[in-house]
Amino acid sequence: MQKRGGLWDVMTRIRIRTLLSYQFMEKFEGQMPRRDVEKLLHETSAEWADEFDPMSLIVLNSAIGDFDVSDRLDRIRARFFYVLCDTDEFYPASIGQGVAEEMRAAGAEVTFHEVRSHMGHYSTSVEPEKWVPQARAFLAGL
């Protein structure tokens, strides 16, 4: 993607807003000076803009609103390890048990794990210790 201008700038701004909504700044509170955290925020967002395909945001956004497979849950053959965070504003953990039960009722094998964190949607990226042990146990049982 072309840097500095156009879509790259938009993508960088989107990522900055997203990371701020995940309490990115708070994660580093007391660990480094605020100006260093702000620099890290901008660098991290720029790296994401370099790598992330802007068209995928359109596809993801469309899928969130339009893609419903609830009438096809009985076709699921894979086991699921389903992880959500209690403060995720996009996919809150409060929906997890209900979704898992719906999948189980359709015949799917589902293991649901709720991550408790103030980091929201970003929690699984920055706090793997809160879900990786459970994922390892799940994988060991396959």
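Residues that are of a type in the set (Asp, Glu) and free of Cβ contacts under 8 Å to residues at least 24 places away in the same chain do occur in the range 82-101, at least one of them. Take the conditions (1) within 30 Å of Ala105 (Cβ to Cβ); (2) modelled with pLDDT of 85 or more; (3) in a helix (DSSP H, G or I); (4) not hydrophobic (A, V, I, L, M, F, W, C); Asp68 misses just one of them, which is (3).
Within the bounds of the range 64-75, is there any residue that is free of Cβ contacts under 8 Å to residues at least 40 places away in the same chain, basic (Lys, Arg) and under 24 Å from Val126 (Cβ atoms)? Looking for residues that are free of Cβ contacts under 8 Å to residues at least 40 places away in the same chain, basic (Lys, Arg) and under 24 Å from Val126 (Cβ atoms), one finds none in the range 64-75, hence no.
Residues checked against (1) modelled with pLDDT under 90; (2) assigned by TED's automatic domain parsing to the domain that holds Ser123; (3) touching a strand residue (DSSP E or B) at 6+ places or on another chain (Cβ under 9 Å):
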{"position": "Arg13", "(1), (2), (3)": "no, no, no"}
{"position": "Leu19", "(1), (2), (3)": "yes, no, no"}
{"position": "Phe28", "(1), (2), (3)": "yes, no, no"}
{"position": "Gln31", "(1), (2), (3)": "yes, no, no"}
{"position": "Ser45", "(1), (2), (3)": "no, no, no"}
{"position": "Arg77", "(1), (2), (3)": "no, yes, no"}
{"position": "Glu89", "(1), (2), (3)": "yes, yes, no"}
{"position": "Val110", "(1), (2), (3)": "no, yes, yes"}
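The single residue among Asp50, Asp68 that is out of contact with any strand residue (DSSP E or B) (no Cβ under 7 Å at 6 or more places or on another chain) and over 30 Å from Trp8 (Cβ atoms) turns out to be Asp68. In this structure, does Leu41 turn out to be modelled with pLDDT under 85 and either assigned to a helix (DSSP H, G or I) or surrounded by 10 or more Cβ atoms within 10 Å (Cβ to Cβ) (or both)? For Leu41, the condition - modelled with pLDDT under 85 and either assigned to a helix (DSSP H, G or I) or surrounded by 10 or more Cβ atoms within 10 Å (Cβ to Cβ) (or both) - is not met. Pairing each residue of the range 22-46 that is of a type in the set (Lys, Arg) with any residue that is modelled with pLDDT under 95, provided the two are 6+ apart or on different chains, yields C-beta distances under 7 Å for Lys27/Met119; Lys27/Val126. Go through (1) over 25 Å from Pro133 (Cα atoms); (2) outside the structural domain of Tyr22 (by TED's automatic domain parsing) and name the single condition Ile58 misses. All conditions are met except number (2). Here the range 15-38 is the region considered, the condition is being more than 15 Å from His121 (Cα to Cα) and of a type in the set (A, V, I, L, M, F, W, C), and the residue that is surrounded by the fewest Cβ atoms within 10 Å (Cβ to Cβ) is Met32. Restricting attention to the range 125-142, the residues that are touching a residue at least 40 places away in the same chain (Cβ under 8 Å) and touching a helix residue (DSSP H, G or I) at 6+ places or on another chain (Cβ under 8 Å) total 2.
Among the residues of the range 84-96, those that are closer than 19 Å to Val132 by Cα and assigned to a helix (DSSP H, G or I) comprise Ala93, Gly96.
Considering only the range 45-65, I want to know if a residue exists there that is closer than 30 Å to Leu7 by Cβ, among the polar types (S, T, N, Q) and surrounded by 14 or more Cβ atoms within 10 Å (Cβ to Cβ). Yes: one or more hits.
The values are calculated or read from the model by the stated rules, or taken from the named source; none is laboratory data. It should be emphasised that the depicted structure is a prediction, and the values quoted were computed from it without experimental measurement. Every residue, glycine among them, receives a Cβ derived from its backbone with ideal geometry; neighbour counts consider all protein chains shown.
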